[in-house]
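> Encoded as structure tokens, here's the structure I'll be asking about.
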Amino acid sequence: MDTTKSNDVFLQNISSDEYFPVPFEELEEAAKQKIDASAFGYIQSGAGGEETLRKNNTSFSKYSIVPTFLKDVSKLDTSITLFGRTYPYPLLLAPVGMLKLADEAADIAVAKAAAAHQIPFIQSTVSSYSIEEITAATGDSPKWFQLYWSNHRETAFNMVKRAEKAGYEAIVLTIDTFSLGWRETDLKNRFSPLMQGFGKANYETDDVFLASLPNQQPESVIQGIKDNINHPSLNWDDIRELKKRTTLPVLLKGILHPEDALQATRHGVDGIIISNHGGRQLDGVISSIDALPEIAAIIDGKIPVLLDSGIRRGSDVVKAIALGADAVLLGRPFVYSLAVGGETGVRNYLANFKQDVQASTTLSGAATMQDLRDLTITRT
Ligand SMILES: Cc1cc2nc3c(=O)[nH]c(=O)nc-3n(C[C@H](O)[C@H](O)[C@H](O)COP(=O)(O)O)c2cc1C
Ligand SMILES: O=C(O)C(=O)c1ccccc1
């Protein structure tokens with residue numbers, strides 16, 4: 001039986017004889033077969049002994065949805081509103097650097113696929129195409145810019161200015177990566193995509209950054225990027241300054257402690273993203289879903305609370321929203337889809353995923369994201 005014909009959940013835009021993996025585990029395996037082993041290792045692995053990476057996937061299982069029925073959920077509305085703009089699903093694409101490791105079309109392919117579903121694309125500072133190149137390819141589809149602070153802070157502010165000029169709608173400052181995690185797989189493989197130039201597009205097109213270098217030789221550019229990303233001095237005064245230097249909403253990505261969430265509200269931050277960077281930074285840290293309930297309680301609706309690290313299925317989205325998140329970010333799954341099927345792969349992955357979200361929402365007994373907030377979740 002051809003299940004693709006009886007159920008439009010599967011494989012839109014891919015002919016039924018061409019199999020595109022739906023289960024996350026198969027998607028990961030297919031990506032592994034498709035790309036260079038060191039590149040796959042870089043994308044897939046976590047820091048240290050990968051305790052947190054494992055936890056990201058197992059923590060969701062501790063929470064059980066207790067659905068209710070007989071409520072007429074036929075008028076489903078999965079839309080959310082963030083910073084005055086309404087999006088059709090509670091989904092965004094997480095910032096992922098150096099996407100050329102997965103496919104030559106990299107950010108351009110992903111941003112186009114996201115645009116097709118009106119899902120916001122968050123461009124990484126260390127993207128493979130520049131802010132201006134991505135804008136030229138995607139027009140005014142919703143895009144946010146993820147900022148890595150720079151030791152040369154005028155470089156950071158100039159990138160923010162470029163994002164504003166290009167029509168990006170928010171700045172996501174990543175606070176957990178002022179230096180890189182201890183990544184044993186990459187050390188074993190002697191693999192450093194940053195040093196190979198995979199993430200230089202925004203830097204080599206930035207006048208302020210280039211002017212800060214002793215010369216503009218390729219080695220000097222790469223060394224400059226490395227120096228910029230290492231900024232352990234990052235502190236709350238910098239947040240205050242960033243807020244002064246941009247008109248866009250500022251979100252902090254990498255919040256895990258309720259006290260930091262509270263500080264964020266005190267510093268006028270516009271939103272937070274609970275994240276452990278997909279288990280890639282400090283191994284042994286709490287999973288995002290475990291950190292969520294307490295943080296959501298302390299934020300108490302004052303600013304949007306987003307979450308990533310381990311979102312793999314629609315039921316994960318339901319749990320995150322029921323526990324207090326406003327929306328979630330997808331990470332590795334879209335990177336694997338890009339590796340397997342390029343732009344079409346990402347578009348199809350998102351088409352499937354949004355239908356998983358829809359099915360999971362209604363089967364919980366909810367017709368809106370507000371209903372999901374009232375859902376009963378038990379912890380075992
Ligand atoms: C290959 C790769 C590169 C990443 N690059 C960035 C980045 O440039 N900036 C950033 O803030 N987060 C980066 N992240 C972290 C993601 O934004 C996100 O927090 C993480 O992937 C979530 O975990 P999950 O993919 O397992 O769901 C990266 C993640 C991966 C897998
Ligand atoms: O790999 C990452 O997770 C990441 O965020 C990063 C950031 C800067 C340089 C290299 C990697």
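The values are calculated or read from the model by the stated rules, or taken from the named source; none is laboratory data. Please read these numbers as outputs of a predicted model, since none were measured by experiment. All Cβ positions, even for glycine, are placed from backbone atoms using ideal geometry, and neighbour counts span all protein chains on display. Surface accessibility is based on the protein's heavy atoms, side chains included, excluding ligands, DNA and RNA. Shrake-Rupley method; radii C 1.70, N 1.55, O 1.52, S 1.80 Å.
> Over the chain, with the other protein chains present, what is the accessible area per residue in square angstrom, probe 1.4 angstrom?
Ligands and nucleic acids excluded, the figure is 42 Å² per residue.
> For THR174, list long-range residues whose amide hydrogen, built 1.01 Å from N in the peptide plane, is under 5 Å from its own amide hydrogen.
LEU147, TRP149, LYS253
> Here's another thing I want to ask about it. Counting Lys and Arg as +1 and Asp and Glu as -1, what is the net charge of the other residues whose Cβ lies under 13 Å from the Cβ of ILE273?
-4
> With a Cα-only, solvent-free Debye model of the chain, what are the log10 I(q)/I(0) values at q = 0.06, 0.07, 0.12 Å⁻¹?
The calculated log intensity ratios at q = 0.06, 0.07, 0.12 Å⁻¹ are -0.21, -0.29, -0.90.
> Further, regarding this structure: Suppose the chain between TYR19 and PHE69 were pulled fully straight at 0.36 nm per residue; how much longer would it get relative to their current alpha carbon spacing?
Computed gain between TYR19 and PHE69 is 14.6 nm.
> Evaluate the distance, in nm, between pseudo-label points positioned 7 Å from the Cα of LYS165 and of ARG313 along their respective Cα→Cβ axes.
It is 4.7 nm.
> log₁₀ I(q)/I(0) of segment 21-143 at q = 0.09, 0.16, 0.17 Å⁻¹, via Debye over equal Cα point scatterers, no solvent, to two decimals?
Treating every Cα as an identical point scatterer, log10 I(q)/I(0) equals -0.38, -1.05, -1.13.
> Give the ranking of TRP182, TRP236, TRP149 by solvent-accessible surface, highest area first, calculated with a 1.4 Å probe. If you can, show how the numbers build up before the last one.
Working: TRP182 170, TRP236 70, TRP149 10 Å².
Correct descending sequence by accessible area is TRP182, TRP236, TRP149.
> Something else: At what distance in nm do the modelled label points of ILE298 and LYS244 sit from each other, each positioned 7 Å from its Cα along Cα→Cβ?
2.6 nm
> Please compute the contact order of the chain in relative form: average sequence separation of alpha-carbon pairs under 8 Å and at least six residues apart, divided by the residue count, as a percent.
Details: 738 pairs, mean separation 100.0, N = 380.
26 percent.
> How large is the Kirkwood hydrodynamic radius of segment 239-380, counting all unique pairs of alpha carbons, in Å?
Every distinct Cα pair counted, the radius reaches 16.2 Å.
> Enter the accessible area of MET369 (Å², nearest 10), with the probe set to 1.4 Å and all protein chains included.
Answer for MET369: close to 20 Å² accessible.
> Net charge around ILE289, counting only other residues with Cβ within less than 14 Å of its Cβ (Lys, Arg = +1; Asp, Glu = -1)?
+3
> What does the charge count near SER38 come to, summing +1 for each Lys or Arg and -1 for each Asp or Glu among other residues with Cβ under 11 Å from its Cβ?
Once positives and negatives cancel, what remains is 0.
> So what does log10 I(q)/I(0) come out to for segment 116-169 at q = 0.19, 0.27 Å⁻¹, using the Debye formula with one equal point on every Cα and no solvent?
Log10 of I(q)/I(0), two decimals: -0.61, -1.13.
> To continue, here is another question. Taking a cut-off of 17 Å between Cα atoms, list the lysines near LYS32, but don't count ones fewer than 8 places away on the same chain.
LYS100
> Hey, any idea what % of segment 3-379's accessible area is carbon plus sulfur with a 1.4 Å probe?
Exposed carbon and sulfur together represent 50 percent of the surface.
> Between ARG85 and LYS188, how many nm apart are label points set 7 Å from Cα along the C-beta direction?
Placing both labels 7 Å beyond Cα along the Cβ direction yields 4.1 nm.
> Here's a follow-up. Of ALA115, ASN235, THR361, which is farthest on the positive side of the dipole of segment 3-379, counting Cα position, with +1 on Lys and Arg Cβ, -1 on Asp and Glu Cβ, and the Cα centre as origin?
Most positive-ward Cα: THR361.
> What are the extents of the Cα atoms of segment 100-240 along their three principal axes, in Å, largest first?
Principal-axis extents of segment 100-240 (Cα, largest first): 38, 37, 30 Å.
> What share of the DSSP beta bridges in the chain is antiparallel, in percent to the nearest 5?
Numbers: 7 of 31 bridges.
Given both bridge residues lie in the chain, the antiparallel proportion sits at roughly 25 percent.
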